[in-house]
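Asks: Sending over a structure as C-alpha cells; questions will come in a sec.
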Amino acid sequence: MQARRGVFSLSIYNDARYETLNAEIAASMRRVKPGGHPYTRLAPGCLITTLYWKHWPCLFPQHGPGRKHERKIELADWQREIVRERPGRFLRGLFHSDGCRFTNWTEKIIAGRRKRYEYPRYFFSNSSPDIIGLCTWALDLLKIEWRMARPNAVSVARREAVARLDEHVGPKS
C-alpha cells in the first residue's frame, strides 16, 4: 500500500499462535531493510507485521492493482535466479502462507476386515494459476513428486516426497 511521499508499506498477516514464525517475519524484514523497524499490531486471531519503505515495489514488481488471480504473476529474472538457488526457502514461504501439512487417512478392506491407514500429506492451494505454477516449478527443482488434487490445489502425499518437503518447509511454530 502506498502512503505519503512515495513510501510503501508491506504488511504480513499471520496467525498470532505462531510466535516463532512471527519473530522470523520481523527479523527477515530487518535483514531486507537494514535499520528498518517493523512494528506489529494484533487483530482478531492474527498478528500484523508492517514495515514502511520506498523500495518495496523494487523487490516485489509483481505487485499491482486487482486480485492476484486475475492478473499475471511472474518472477523477474533476478527473482527466478534466487528461487533456483534456494527453492526450499521459496516453498517454505508458499506452504506457510497458503498451504498445510496434515494427517490424511483412508480405509481398505484387507482379508475381509476394514483397516484404517494414516499418512502425512502437504496441500497447497491458491486461486492464481501463476502462483500454482511457481509452486510446482519449485517442487520440480527439488525433484519432489506432486500432483494436482484440484485445478487450484497441489498435493504432496508420497512418503519420500513428504519427507523431502519436511526438510525444507518444517512445522509452523
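Asks: Test each condition in (1) among the β-branched types (V, I, T); (2) over 12 Å from the mean Cα position of the chain (by Cα); (3) at pLDDT 95 or above for I132 and report the one that comes out false.
Replies: Of the numbered conditions (1) among the β-branched types (V, I, T); (2) over 12 Å from the mean Cα position of the chain (by Cα); (3) at pLDDT 95 or above, the odd one out for I132 is (2).
Asks: To continue, here is another question. Show the residue pairs meeting these rules: Cβ distance below 7 Å; 6+ apart or different chains; first residue within segment 11-28 and not assigned by TED's automatic domain parsing to the domain that holds H96; second residue in a helix (DSSP H, G or I) and of a type in the set (V, I, T).
Replies: These pairs meet every condition: I12/I25; N14/I25.
Asks: Looking only at segment 157-172, decide whether some residue is part of a strand (DSSP E or B) and buried (at least 16 other Cβ atoms within 10 Å of the Cβ).
Replies: Taking segment 157-172 and keeping what is part of a strand (DSSP E or B), we get none.
The answer is no; no qualifying residue exists.
Asks: Exactly one condition in (1) out of contact with any strand residue (DSSP E or B) (no Cβ under 8 Å at 6 or more places or on another chain); (2) part of a loop (DSSP other than H, G, I, E, B); (3) of a type in the set (D, E) is false for E145; which is it?
Replies: For E145, the exception is condition (1).
Asks: While we're on this one: Checking the condition part of a loop (DSSP other than H, G, I, E, B), out of contact with any strand residue (DSSP E or B) (no Cβ under 8 Å at 6 or more places or on another chain), exposed (fewer than 10 other Cβ atoms within 10 Å of the Cβ) and not β-branched (V, I, T), which residue from G35, G64 passes?
Replies: Details: G64 fails: exposed (fewer than 10 other Cβ atoms within 10 Å of the Cβ).
Just a single option satisfies the conditions, and that option is G35.
Asks: Tally up the residues in segment 104-135 that are hydroxyl-bearing (S, T, Y), touching a Phe, Trp or Tyr at 6+ places or on another chain (Cβ under 9 Å) and surrounded by fewer than 16 Cβ atoms within 10 Å (Cβ to Cβ), please. Even if it seems obvious, please write down each step before you answer.
Replies: Taking segment 104-135 as the starting set, the residues that turn out to be hydroxyl-bearing (S, T, Y) are 106, 117, 119, 122, 125, 127-128.
Of the ones still in play, those that are also touching a Phe, Trp or Tyr at 6+ places or on another chain (Cβ under 9 Å) are 106, 117, 119, 122.
Going one step further and asking which of them are surrounded by fewer than 16 Cβ atoms within 10 Å (Cβ to Cβ), we end up with 106, 117, 119.
Residues flagged as hydroxyl-bearing (S, T, Y), touching a Phe, Trp or Tyr at 6+ places or on another chain (Cβ under 9 Å) and surrounded by fewer than 16 Cβ atoms within 10 Å (Cβ to Cβ) within segment 104-135 amount to 3.
Asks: Does R121 meet the test of being under 18 Å from A163 (Cα atoms) and in a helix (DSSP H, G or I)? Write out each step before concluding.
Replies: Details: under 18 Å from A163 (Cα atoms): yes; in a helix (DSSP H, G or I): no.
In short, no.
The values are calculated or read from the model by the stated rules, or taken from the named source; none is laboratory data. Worth saying up front: this structure is predicted, and the values here are computed from it rather than measured. Neighbour counts run over all protein chains shown; Cβ positions are idealised from the backbone, glycine included.
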